[in-house]
Every structure is written in C-alpha cells, then in structure tokens.
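Below you'll find the structure, written out as structure tokens, and then a few comments.
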Amino acid sequence: MQIIRDIATLHRAVDALKQGRKSVALVPTMGALHEGHLSLVRMAKRVADHVVVSIFVNPTQFGPNEDYAAYPRDEAKDAALLVEEGVALLWAPDVGVMYPAGHSTHIEVAELGADYCGAARPGHFDGVATVVAKLFNQVRPDIAIFGEKDWQQLAIIRRMARDLDFALDILGAPIARDKDGLALSSRNAYLSAAERKAATAFPNALKAAAKAIVGGADVADALAKAEADIVKGGFDSVDYVALADADSLERLTEFSEPARLLAAARIGKTRLIDNLAVG
Ligand code: AMP
C-alpha cells in the first residue's frame, strides 16, 4: 500500500490506478480505524477495482472546545489494518497540505446542516462539506462511501455532491455495532469501563422508541421516553432525540415513512451519536 502525503503524487498514483478503465472507490476517515470503517472498506472493495482510504483529522470540523487535540491518532496501526484489507493507497495529508496559508473558501449546505448536530456543533458541517469536497477533487474517485452512522453527514454530502455536480456515486454503508448494540465509534475509546457498560442504554432507548412509534405511540411521548431512558441509563444529558424524514431530515411530529430516529447524547466527556430506521 502506498502512503501519500502530497497532491501531485496522489494525482499520479490515482491516474495509474485508473488505467485500463479501472474504477476507484474512496473511503474518507479520520483514522483510529475500527470494524465500522473496515466494513466501508470491504464495501468499497466489492463495488470498485481499487480502494483509496483517506485519513485526515480535519481541524475545521471541530469546535473550539471540542476534542481535536485529543482525537485518537495511530497511523501505523491504521495502515497495518488497511494493508490486511488490500487497500491500494492511503491518502494522509498534513494540515498544511489540506489548508495552505490563505485558504479561504468553504462550503455550507444550508438547509440540511442547521438542525441536530449542526445546532449543537456550529460550523461542524461546513468543515465536513468543505473537506469532503476537497477530498473528492484530490482523489477524483468514481465512488465514495460513507457510514449511515453519521446519517445527517451522509445526507449533507449527498446534497453537496448533487448541488455542485460532482461526477461520482455516493454510497451509504449500514451501521456496524458492538454485540450489545452500541454503534462503533472512534470516540468509544474515551469511555471508562463503567461508561461503556452504561452506553448500551443509548441504542436500547432508540430501539424501544422505534418500536413504540411503529406500534402507533404518540411521537412526542416516545421521544420524551427515549430521552428519559437515556438519562436513567447513566448519560449526563441528551442533545436531541428526534424523528426525521430520512431524506429531507425535516422533523416529523407524526410517523410517516421513510423515517429515521436521530440522536446525540453525552456521557462523561464523550458525545455519542446514533440513528435508527423507523418502520
Ligand atoms: P470518522 O473516522 O468517524 O470520520 O468516520 C469515517 C467514516 O466511517 C464515516 O463515513 C462514518 O460514517 C463511518 N463510520 C464510522 N463509524 C461507523 C460505524 N459504526 N458503522 C458504519 N460506518 C461508520
């Protein structure tokens, strides 16, 4: 596997991969790779001839009081996992390559970025949309794969790609979960043993709410119960638990398909997100 850190070498390497009309799939990540990321890599292998993974901890998507400095980084371990998966190329630029002095352009996906995590993390999705657009232009993949774990992010990237006429296909991959139902996340590494045990209350509450809503329960009641159950289970606070139209992300006060439960909650110093199809 080639590890590349500058754009000119990247362009040459991707051109070489594409020779003979071969297709390239990109899996963007921030590293600290786990089975969730690897499930995206495996999907990429199924749908394209070559897989490019990017690892870039993107400073512009972290707020001033967030965990940019503390975010787990272990490129050597990540690279070893990607070699085992048969990845052709690891794109791992430094911050100065991604954002050279004077970098002053950004992308805002206004409609989809305001609510949910966008409300709790101002500027976060502008940072995500901008870096993903740059990754698309840098790698020029035929396909890019994102996890459904970050449902709002996936919707925003689909809209950005459509609005800006990016000529690639975007695929969503199902959420990879631990045996007890907790969605895999690099941030799970922050949890103490006691917090990790308690964290299962989060997916359990969403599962119960989805079942209640499909069974005809009042949506507001089901969401309030889920919030209460998450706190009762040991979380310190709930940022939001919402029922949303799965595509437009508009909040739903009554159940209609396609619907998705979207949620974020805090336990100790860790903020976790999750989501679930309803119906
Ligand atoms: P991150 O490194 O957290 O930015 O994630 C990189 C990509 O992996 C994103 O598209 C995430 O949605 C995806 N991802 C992270 N965790 C999971 C998971 N548990 N299941 C599926 N996809 C995931």
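What follows is calculated from the coordinates using simple rules that are stated; it is not laboratory data. None of these values were measured; they are calculated from a predicted model. Glycine also receives a Cβ, built like all others from the backbone with ideal geometry; neighbour counts cover every protein chain displayed.
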Amide proton proximity set for Ser54, modelled H, under 5 Å, gap of 5+: Val27, Thr29, Trp91
Unit charges on C-beta of K, R, D, E only; dipole of the chain, Debye: 680 debye
Under-25-angstrom lysine pairs by C-alpha in the stretch 2-173, whenever the two are 8 or more apart or on separate chains: 9
³J(HN,Hα) computed for each position of the stretch 220-234 - Karplus, 6.51 cos²θ - 1.76 cosθ + 1.60, integer Hz, glycine/proline x: 4, 4, 5, 5, 5, 5, 4, 4, 5, 5, 5, 5, 4, x, x
Neighbour net charge for Val241 - beta-carbon separation under 10 angstrom, K R +1, D E -1: -3
Prolate/oblate/rounded label for the stretch 2-173 (Cα gyration tensor, a/c 1.5): rounded
The chain: calculated mean residue ellipticity at 222 nm from DSSP helix runs of at least 4, using -39500 (n - 2.57): -11500 deg cm²/dmol
Relative contact order for the stretch 131-261, counting Cα pairs under 8 Å that sit 6 or more residues apart, in percent: 17 percent
Mean Cβ count within 10 Å, highest first, over the residues of peptides 271-278, 232-239: 271-278, 232-239
Segments 168-175, 73-80, 126-133 sorted - mean Cβ within 10 Å per residue, highest first: 126-133, 168-175, 73-80
Mean separation of Cα contacts under 8 Å (6+ apart) over length of the chain, as relative contact order %: 17 percent
Kirkwood hydrodynamic radius (C-alpha pairs) into Stokes-Einstein, the stretch 190-278, 20 °C and 1.002 mPa s, D in µm²/s: 165 µm²/s
For the chain, with +1 on Lys and Arg beta carbons and -1 on Asp and Glu, the positive-most of Leu182, Ala220, Val238 along the dipole: Leu182
Alpha-carbon Rg with Dmax, taken over the stretch 71-204, Å: 16.8, 47
Rel. contact order, % - alpha carbon contacts under 8 angstrom, at least six apart, the stretch 212-279: 29 percent
